[in-house]
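Since the structure comes first, as structure tokens, the remarks are kept for the end.
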Amino acid sequence: MARLVESLSNFFGRVEILARGLENERRAAEMALARGRPLEARDLARTILASVPGSPLGLALWADAAEDAGLDHEAAEALAELATLVPWRADVWLRLGQARARMGDVRAAEALERAADAPEEREAARLALLDLCDRDLWAGDPARAGRWLDRIGTSLAALATTGTELPAAPDREVALRRAECALALGDVATAARYAPVVDPERIDGRGALVRARLAFAQGQWSTALDLGLRACILDASGSAELLSALIAGCRDVVLVDRARRVVTAAGLIEEPAWAAAFAFAEGRRADARAALSRGLSAGHAGAAAALLRLATETRDLDALHALAARDPGRLPEDLRTLREGAVLAAEGRHRAALAKLERVSGEAAAWSAEIASGIIRSWVPEDGIASWPDLLDELGRSARALERLDVVTGVEAIAVERERPLRVAVVGEFNAGKSTFLNALLGEDVAPTGVLPTTATMHWVAWAPDPFARIVVRGAPDRVVPHVGLKAALKSLAASGERVERVFIYAPIERLKRVEILDTPGFNAPDPDHIAAARQAFDEAHVAVWLLDASGPMKESERRVLSEIKGLGVPVQILVNKADRLSPDELARVLVHVQTSLEETGIGSYAPPLAFSARLSLKGKLGDAAALEASGWAGVESLFAERIVDRSAELRERALRRRALRIARELASVASARAAEDREKIEETRATHEAWRASAAKLRHDRRTIAASIEKALEPARRMLATDLRPLGDLTDERKRTDPGLEAYVEERFVSRLTDPLVQEIARYAGVTASPAAMASVRAALMGAVAALEGLAERVDRPLGRVIEAAIVAFASALVAAAEVGLPAAPFALIEQRAAMVERALSAKA
């Protein structure tokens, strides 16, 4: 940039300097500047100013000398005084803004904007706009930074949205900043379109840094590292941070070694940020964290930023804790909240931790979700009992938020079921001997047998201090009968056509304190309701015992049903009943057939299938020792005791997890649908807001043309206004001008007659629906505009172009204000996320 004294000499003569005999000092000052002796030039310039205060040439000499000497405060002082003398000079404002920027003076932007507003000095204005863009980039506002570039020219602006060819002589500095803005906004494609303008053959540090960031974003590690090294060697601002991040994330030993040699040659290898980067590249995360913590304690520049970057990029909570312990002010609000949630989680205060983590947004949201997911996974350990209070509370909260009271009931049922004994369903086809098996298992004849055509409904056998049965009849009071009267009662109800929904059989049998039994109808029963009841048993049971008839086991109907229930996850123990009807050889072949059939259909038995005779077992339990010996019951009893009763806690836990998983899946599905609706509403609202902003811009831009068209459309309303004012007579009468009541009446009629048609016409041009807010804004604008009109008659007869323009601007402002209203809330997104977390946790360990 040319020296100010040279450019100003063309506009200001040296008469005052010559008159005061200071020409030699002026020449000597310029010579000293040319020979690189700025302090000497500074003293000579101050001598001139002492004799000729306010001399533009003296101030220019002082400013040039102070800049060369690095005396920014003096340069700013000289330039500020000079700017008051030549306020039209963009180069003076530019230099003042740059000097203030070097000082950290907040007034720098003001001076640069004055320079940018001088289109007659295009180069100085261009440089000011570039500096303003840089300030916003450094402040982290790339969207605003790009707006300064828009004012330089549009030759490159089209590249942001099109793939057009580059202009013949593109502005490299603008293209460089366009690429930086795009990268900061995450728009890699746009950055890639600008990158060719940044000539790699004569690339400087900043250009190398931009291309390195682009290569990094595109996954080109080798290129990114080479360019990052070049940017670092050329001391580009921000290059050290990028290069250390590249090194930390690189797993290519050759590339890391190349970078190490360069950093070592530069004497930087011991600095904490670099030591941490290389440690991290080699998988020594703890060493990386320790190096940065040491640097932070020692006040090393960049250590805090590097530690924060390490924490966020690798989701390293220890690094976050280290930074919080030494420099808590460096933590952004979201990361501070995330850390508080993580601390609560480590203390076992899970509900409080989740409440904290819910508040985290922005870039830290994914990390927060990861921590929340870890909390929920911890509730479902691989072995042992889940943290049911936490799980059920989470499911209940989601169900209530989704207004699924039926699911809330299911959650509460799980809480109750946790306190109840293990539930075993005895299932199989009709006449497989299920009730006889149950009686043998309990050692008493409690389950009715021989009720034709089937055991008509599900029998729930549970412990009670006294023996009795309760029959649940549809549409009628329950019936309580003794065990001995149960069979007769069921026959009587069947004969009368009454529908029995369920039978509860209670007995003071010790085993029933640990195990409850569901005796089900046959799957091949002729009544569809009986089949449904049998299937329901699998939903309610923790484990099932499937009885096969030894005379015809694993029929196609049995295979089909077993295949269906396999997906429910309920453990099924296969037992082959009526073994007493076969010879030992036949029974052996039957067991082989059963095992082969199970393998072919992919169905497993909880333990290897056993053969026995329920009939002989029951006789043996009732006192026939020989029958008991021949029944094979000993193996069944051992299996039931060791694999079912003794593992009741494990089996119940697995069943509860399956049930909770079904609930979680249902909630996740419902929440996902609701969240999708939320997202759709948000996108619709966002699109509407963008359309409103575009309409507002068009209204403002075309307001004169629109006003002219609208004025014609308002003729009917103006005629009605004239009719309203006829009772007033001659409005030009000077006496009426001083009547405040009359004036208020005219204004009220003017506004009331014109507001609605005017708003509708503006809305039609804007392509939007008029809102109450827009109506109010236009009404206020009309009131202000009509009050500014002189004379009552003018309010009726004068052209309304200016008034309509004011209304259009007011309408546009209302549109912009409406577009600034926040987007709709998305309450179901968090529910969707948390329900999915619970579902994943249970799916992995159900």
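The values are calculated or read from the model by the stated rules, or taken from the named source; none is laboratory data. Remember, predicted model here, so these are calculated numbers, not experimental data. Positions of Cβ are backbone-derived with ideal geometry, glycine not excepted, and every protein chain shown enters the neighbour counts. For accessibility, only protein heavy atoms count, side chains too; no ligands or nucleic acids. Shrake-Rupley method; radii C 1.70, N 1.55, O 1.52, S 1.80 Å.
Observations, loosely collected:
- Screening the candidates 791, 822 for the property of being open to solvent by less than 30 Å² (accessible area, probe 1.4 Å), modelled with pLDDT under 85 and not in a helix (DSSP H, G or I) yields one hit, 791.
- Condition met for residue 638 (among the small types (Gly, Ala, Ser) and in contact with a Gly (Cβ under 8 Å, 6 or more places away or on another chain)): no
- Contact map, segment 53-81: residues that are touching a residue at least 40 places away in the same chain (Cβ under 8 Å) paired with residues that are among the β-branched types (Val, Ile, Thr) and not in a helix (DSSP H, G or I), Cβ distance under 9 Å, separation 6+ or inter-chain. Pairs shown: 56/86; 58/52.
- Residues in segment 383-423 that are outside any helix (DSSP H, G or I) and open to solvent by less than 30 Å² (accessible area, probe 1.4 Å): 386, 402, 421, 422, 423.
- Comparison of 99, 128 shows that the only residue that is assigned to a helix (DSSP H, G or I) and touching a His at 6+ places or on another chain (Cβ under 9 Å) is 99.
- Scanning segment 204-222 for residues being surrounded by fewer than 21 Cβ atoms within 10 Å (Cβ to Cβ), under 18 Å from residue 134 (Cβ atoms) and not small (Gly, Ala, Ser) gives a total of 2.
- Count - residues of segment 471-493 that are touching a residue at least 24 places away in the same chain (Cβ under 8 Å), open to solvent by less than 70 Å² (accessible area, probe 1.4 Å) and under 18 Å from residue 521 (Cβ atoms): 5
- Candidates 248, 236, filtered to the one that is in contact (Cβ under 8 Å) with a residue 40 or more places away in the chain and on the phi < 0 side of the Ramachandran plot: 248
- Flag for residue 191 being open to solvent by less than 30 Å² (accessible area, probe 1.4 Å), among the small types (Gly, Ala, Ser), over 19 Å from residue 261 (Cα atoms) and in contact with a Leu (Cβ under 6 Å, 6 or more places away or on another chain): yes
- Residues within segment 457-497 that are among the basic types (Lys, Arg) and within 18 Å of residue 517 (Cβ to Cβ), tallied: 2
- Residue within segment 655-664 that is among the aliphatic types (A, V, I, L, M), in contact with a His (Cβ under 9 Å, 6 or more places away or on another chain), in a helix (DSSP H, G or I) and farther than 30 Å from residue 802 by Cα present: yes
- Counting only residues that are touching a residue at least 40 places away in the same chain (Cβ under 8 Å) and either within 29 Å of residue 186 (Cα to Cα) or in contact with a His (Cβ under 6 Å, 6 or more places away or on another chain) (or both), segment 324-370 holds 6 of them.
- Residue list for segment 371-382, restricted to those being assigned to a helix (DSSP H, G or I) and in contact (Cβ under 8 Å) with a residue 60 or more places away in the chain: 372, 373, 376, 377
- Look at segment 820-846: where a residue is closer than 17 Å to residue 376 by Cβ and a partner is in a helix (DSSP H, G or I) and open to solvent by 40 Å² or more (accessible area, probe 1.4 Å), sitting 6+ places away or on another chain with Cβ atoms under 7 Å, you get 831/401; 832/672; 839/665; 841/377.
- Whenever a residue of segment 614-628 is polar (S, T, N, Q), its partners that are in a helix (DSSP H, G or I), lying with C-beta atoms within less than 7 angstrom and at least six residues away or across chains, give the pairs 617/440; 617/628; 617/631; 617/633.
- The condition (being modelled with pLDDT of 85 or more, on the phi < 0 side of the Ramachandran plot and in a helix (DSSP H, G or I)) is satisfied by just one residue among 721, 699: 699.
- Each residue in segment 552-599 was checked for being basic (Lys, Arg) and in a loop (DSSP other than H, G, I, E, B), and 2 of them qualify.
- Residue in segment 86-104 that is touching an Asp or Glu at 6+ places or on another chain (Cβ under 8 Å), open to solvent by 40 Å² or more (accessible area, probe 1.4 Å) and among the basic types (Lys, Arg) present: yes
- Residue within segment 675-695 that is touching a residue at least 40 places away in the same chain (Cβ under 8 Å), farther than 30 Å from residue 837 by Cα and open to solvent by less than 40 Å² (accessible area, probe 1.4 Å) present: yes
- Residues that are open to solvent by 40 Å² or more (accessible area, probe 1.4 Å), in contact (Cβ under 8 Å) with a residue 40 or more places away in the chain and not hydroxyl-bearing (Ser, Thr, Tyr) within segment 494-509 comprise 494, 501, 508, listed in sequence order.
- Segment 604-627, subset in contact with a strand residue (DSSP E or B) (Cβ under 8 Å, 6 or more places away or on another chain), open to solvent by less than 20 Å² (accessible area, probe 1.4 Å) and aliphatic (A, V, I, L, M), residue nearest to residue 435 (Cα to Cα): 614
- Of all residues in segment 223-255 being outside any helix (DSSP H, G or I) and closer than 21 Å to residue 266 by Cβ, the one that is most open to solvent (accessible area, probe 1.4 Å): 235
- Among the residues of segment 312-327, those that are part of a helix (DSSP H, G or I) and open to solvent by 70 Å² or more (accessible area, probe 1.4 Å) comprise 313, 318, 325, 326.
- Within segment 145-193, the set of residues being in contact with a Pro (Cβ under 9 Å, 6 or more places away or on another chain) and at pLDDT 80 or above comprises 175, 180, 181, 182, 183, 184, 185.
- When residues of segment 131-144 are limited to those that are more than 18 Å from residue 191 (Cβ to Cβ) and modelled with pLDDT of 90 or more, the one least open to solvent (accessible area, probe 1.4 Å): 132
- Failed condition for residue 107, given (1) open to solvent by less than 50 Å² (accessible area, probe 1.4 Å); (2) out of contact with any Asp or Glu (no Cβ under 9 Å at 6 or more places or on another chain); (3) over 21 Å from residue 178 (Cβ atoms): (1)
- Comparison of 427, 446, 451 shows that the only residue that is over 30 Å from residue 825 (Cβ atoms), open to solvent by less than 30 Å² (accessible area, probe 1.4 Å), outside any loop (DSSP other than H, G, I, E, B) and modelled with pLDDT under 90 is 427.
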